[in-house]
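Presented below is the structure to which this report refers.
The values are calculated or read from the model by the stated rules, or taken from the named source; none is laboratory data. Quick caveat: nothing in here was measured; it's all calculated off a predicted structure. No Cβ is skipped: glycine too gets one built from the backbone with ideal geometry, and neighbour counts run over all protein chains shown. All accessible areas refer to the heavy atoms of the entire protein, side chains included, with ligands and DNA or RNA removed. Shrake-Rupley method; radii C 1.70, N 1.55, O 1.52, S 1.80 Å.
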Amino acid sequence: MNAEIRPIRTPAEQALAASIEAARDRLPGAGEIKKLREAAGKAFVESGLPHRRVEEWKYTDLRALMRDAAPLASPPDKKAIEQAKKHNPFPGVEALRLVLVNGVFVSELSELASLEKGLTIVPLAKALAEGNKLTQRIGELQPDTYDAALSLNTAFLNDGVLIEIADGTKLAKPIHIVNFHSGSTPASTYARSLIVAGEDSQATVIESFAGPEKVAYQTSSAMELHVADKASFDLIRLQAEGSAALHLSTLLAKIGSDAKFALHPVTQGAAVSRYSVTLRFAGKNIEARFAGATLLRGKQHADTTMVIDHMMPHGTSRELMKSALDGESRGVFQGRINVRHGAQKTDARMATHALMLTDTAESDNKPELEIFADDVQCGHGATSGAIDENLLFYFLARGIPRKEAEALLIQSFVAEPLEMIAHEGVRGVMLARVEDWLRARG
Amino acid sequence: MSKLLEVKNLHAEVGGKKILNGLDLSVEEGKVHAIMGPNGSGKSTLSYILAGKPRYEVTEGSVKFLGQDLLALPPDERAAKGLFLAFQYPMEIPGVASMIFLRTAVNSVRKKRGEAELSTPDFLRLVREKASDLKIDQEMLKRAVNVGFSGGEKKRNEILQMALLEPKLCVLDETDSGLDIDALKVVAEGVNELRSKKRSFVVITHYQRLLNHIVPDVVHVMAKGKIVKTGGPELAKELEAKGYAAFEQAA
C-alpha cells in the first residue's frame, strides 16, 4: 500500500503559496521570465520554507522563525516617497542614487537623467514590459543547491534595477541602490537586480536596506552580478532594516579572469536576517575579498552564508567576518570554500571571529573547505570569545571607565574588515555607524 | 609627614593560592620606595592588588590611599585618585590608536578629578612635549597601542602615560626588565623628571641596577609575601652582594 505523503503546511507557507498563485498573471514580463517565475514558484510551493533539517538552514530555521507571510506591499504613496527622499544612510558620500520604495523603482527619486558615459540603468519593471534584452540574463546564475529564499524572490520577480557598465568604463561615482520600506502594517517586498560589469570596467556599488521600527515587514532581495575579465568591482552593503523586519537576501556573482572583487556586508538591522552569497571564480588570477561585520543586540538573529567557488587556477580569496553579539542575539556564519579540480595555485583564507558581549548571546560558525586540487593553500580559522579581561584592565588602570573601554575594544575589533573598504567616504560612514551602535549600547 | 599609602597586614590570593602573607608598607608623600625580592615573593601581586586587577583577592588586611579605603574602589577610580601602575608587560591593543587611547585616558581622569577636558590642540601639544622628553618618536604614536613596539618602546610608553596622567603614587613593576642600558637610562630619567615633593614611587625590581639611576629613599626586601627588611639605599647594595637567600630563610 502506498502511503500518500501530505506535508503539513505552516500558515506562512500556505499564505505564500496563495500569494504566488494570485500574483501569477499580474506580474510583468512574458516568455522566459514568466517560465522562470513559475518554475521558482512551483519549486517553492513543493519544498516549503527551509527548516533546521535542511543543512544550509540548520542555524536559521526559517519555518519556525517566519510565522506569517505578510501580504504584498502596495505601491508607495506620496508620503512613502517623501520619506524615502529624505532617507540617506550615506551622508556626505556623493553617489548616483537609485531608489526602490517597497520594492518598486521610483524614477522621480533616482538620478537617471545624466548618467556617466558607458553606464546603462533600466528599472526592471520597465525592462520587463519593454522586453529589454538584458532581462534575458536574469536567472543565468544559480546557487549550488536549491535555495528557498532565492526561489521566493524569483517567484515574485517584478521590479528592481538592471545596471550595465560598458567595457572599459571606469565610474567616477559609486552607484547607491537604496532599498527603503515604508508603512505601518506588515507587508512584503521583493526586489531583484542584475549588474553586468564589462571588461576592464571599474565600479563601486552600495546597497542599503532600511525601514520602520517595530513593523514586522518582510524584505526579499536578490542580485545577480557578472564581473567580466579585468574588471574591478566593489560591493558594499548596509543592512539596517527596522527592528521587527525579516530580511532575506541573495547574491550570486560570477567573476572573470584577472578581475578584482570586494564585498563588504554590514549587518545591523532586522529581527531575523539572512544574506546568502555565492561567488564563482570563473576565470584565472582573480583577487577577491569578503570582509564584513555584524552587530546584533536584543534577540536579533543574523545569518551570513557564503560559498566561494574556486573553479579556475591562480585565484586568491580572503574572507574576514567579525561580529559583536550583545543581549540574546544570535550570529550565524557559514562559509564554504570550494576548490575544484584544476583550480591549482588557489590561495584562500577564511577567518570568522565573534565577540560575545553577554553570556546569553550565541554564535554559530561553520567554516568548510572542499578541495579537489593538490597544489593549493587554503585555511580557515574561527573564534568566539568574550572581551579579554586583561586588555580591559589595562584601560581601567589608565582611568578609562569600563563602558568606554569596552566600546573602544569592540570598535577596534569590528573595525578591521571595515577599514578594508576602499572608498573613503563609505568607509567613514560604516565606521561611524559602529560608533553609533556602541553609543546606543549605553 | 603625611602618609600617602598605608598597607596593613595584607593577605591576598590568586586562584586559591596564597601569595601575600601579612604585608605592611607605608609610603610618605614625595618619597621613592624600592621593593626588591626574588621571583615569586609576591612583588607583582602587590602591584596588581594596588591597581585592582580582577581575580586578585584580598583575604585580610587593608590598604589606605590618601586616607581612603583603596580596595573599595574600581580600578578606573583608583587611577583617577592618583594611583598609576606601570606594567611589567604592557598590553598590545590592536586596532586602538595610541593617541585615542592616551586622550581617552587623560580626559577620563581629568573629568573624574573635576578638571576640564583638554582640547585637541592642547592635548597634542602636551603629548608632543612629554613624548620628546622620553625620546618617543611621533611615528610610534600613530600606531595602535604598543603594537609592534620593542620592549624598550613599551616601557617608555608606560612612562609617557604616567607623565600625562599626573599621578600621586606611581608603582613601577619591574620596569627595568627587558631593557638594555640605554633604554634603562631614558626610562630612569623620565621617572626622575617626574619626582616631586607631591609624588611618590614604589619601584619594584629584582636588580640593584635600576636603583643606580632611580635612587630610592627607602629600600624594602620582600620574601614569601611580606616585607622582611627595610633600610636605606645601602640595603640594595647589600642585597646585590649577598643575594636573597639569607632573607628568604629569615621569612
Condition check for A:Val376: within 20 Å of A:Val307 (Cα to Cα) and either at pLDDT 95 or above or away from every other protein chain (no Cβ under 14 Å) (or both): yes
Residue in the stretch A:38-50 that is open to solvent by less than 90 Å² (accessible area, probe 1.4 Å), outside any helix (DSSP H, G or I) and either among the small types (Gly, Ala, Ser) or under 18 Å from A:Arg192 (Cβ atoms) (or both) present: yes
Filter result (facing chain B (nearest Cβ under 7 Å), touching a strand residue (DSSP E or B) at 6+ places or on another chain (Cβ under 8 Å) and either open to solvent by less than 10 Å² (accessible area, probe 1.4 Å) or over 26 Å from B:Arg113 (Cβ atoms) (or both)) within the stretch A:379-411: A:Tyr394, A:Ala397
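One line per residue, one yes/no per condition, for (1) open to solvent by less than 10 Å² (accessible area, probe 1.4 Å); (2) outside any loop (DSSP other than H, G, I, E, B); (3) in contact with an Asp or Glu (Cβ under 7 Å, 6 or more places away or on another chain):
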{"site": "A:His264", "(1), (2), (3)": "yes, yes, no"}
{"site": "A:Gly269", "(1), (2), (3)": "yes, no, yes"}
{"site": "A:Ala293", "(1), (2), (3)": "yes, yes, no"}
{"site": "A:Pro313", "(1), (2), (3)": "no, no, no"}
Every residue from the stretch B:128-148 that is within 20 Å of the chain's Cα centre (by Cα) and within 14 Å of another protein chain (Cβ to nearest Cβ): B:Val145, B:Asn146
Residues of the stretch A:356-401 classified as more than 30 Å from A:Met312 (Cα to Cα), within 34 Å of the chain's Cα centre (by Cα), in a loop (DSSP other than H, G, I, E, B) and hydrophobic (A, V, I, L, M, F, W, C), total: 4
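Residue by residue through the stretch B:94-118, note down the ones that are over 12 Å from B:Pro167 (Cα atoms), in a loop (DSSP other than H, G, I, E, B) and open to solvent by 50 Å² or more (accessible area, probe 1.4 Å).
B:Gly114, B:Glu115, B:Ala116, B:Glu117
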Selected residue [at pLDDT 95 or above, open to solvent by less than 50 Å² (accessible area, probe 1.4 Å) and of a type in the set (A, V, I, L, M, F, W, C)] from B:Val187, B:Val171: B:Val171
Filtered residue count, the stretch B:175-214, keeping only those that are of a type in the set (A, V, I, L, M) and farther than 18 Å from B:Leu134 by Cα: 4
Looking only at the stretch B:71-93, and only at residues there that are assigned to a helix (DSSP H, G or I) and in contact (Cβ under 8 Å) with a residue 60 or more places away in the chain, the one that is farthest from the other protein chains (Cβ to nearest Cβ): B:Lys81
Unmet requirement for A:Leu248, which otherwise passes all of (1) in contact with a helix residue (DSSP H, G or I) (Cβ under 8 Å, 6 or more places away or on another chain); (2) closer than 19 Å to A:Ile163 by Cα: (2)
Conditions (1) surrounded by fewer than 16 Cβ atoms within 10 Å (Cβ to Cβ); (2) out of contact with any Lys or Arg (no Cβ under 9 Å at 6 or more places or on another chain): number failed by A:Val101: (1)
Residue that is nearest to A:Lys34 (Cα to Cα), among those in the stretch A:123-132 that are open to solvent by 50 Å² or more (accessible area, probe 1.4 Å) and touching a helix residue (DSSP H, G or I) at 6+ places or on another chain (Cβ under 9 Å): A:Gly131
Test for A:Pro89: is it open to solvent by less than 30 Å² (accessible area, probe 1.4 Å), in contact with a Leu (Cβ under 7 Å, 6 or more places away or on another chain), assigned to a loop (DSSP other than H, G, I, E, B) and closer than 24 Å to A:Pro11 by Cα: no
Residue in the stretch A:412-423 that is more than 7 Å from chain B (Cβ to nearest Cβ), under 28 Å from B:Ala51 (Cβ atoms) and polar (S, T, N, Q) present: no
Unique match (being touching a Pro at 6+ places or on another chain (Cβ under 9 Å) and at pLDDT 95 or above) among A:Leu162, A:Leu141: A:Leu162
Residue check for A:Lys86: in contact (Cβ under 8 Å) with a residue 24 or more places away in the chain and among the charged types (D, E, K, R): no
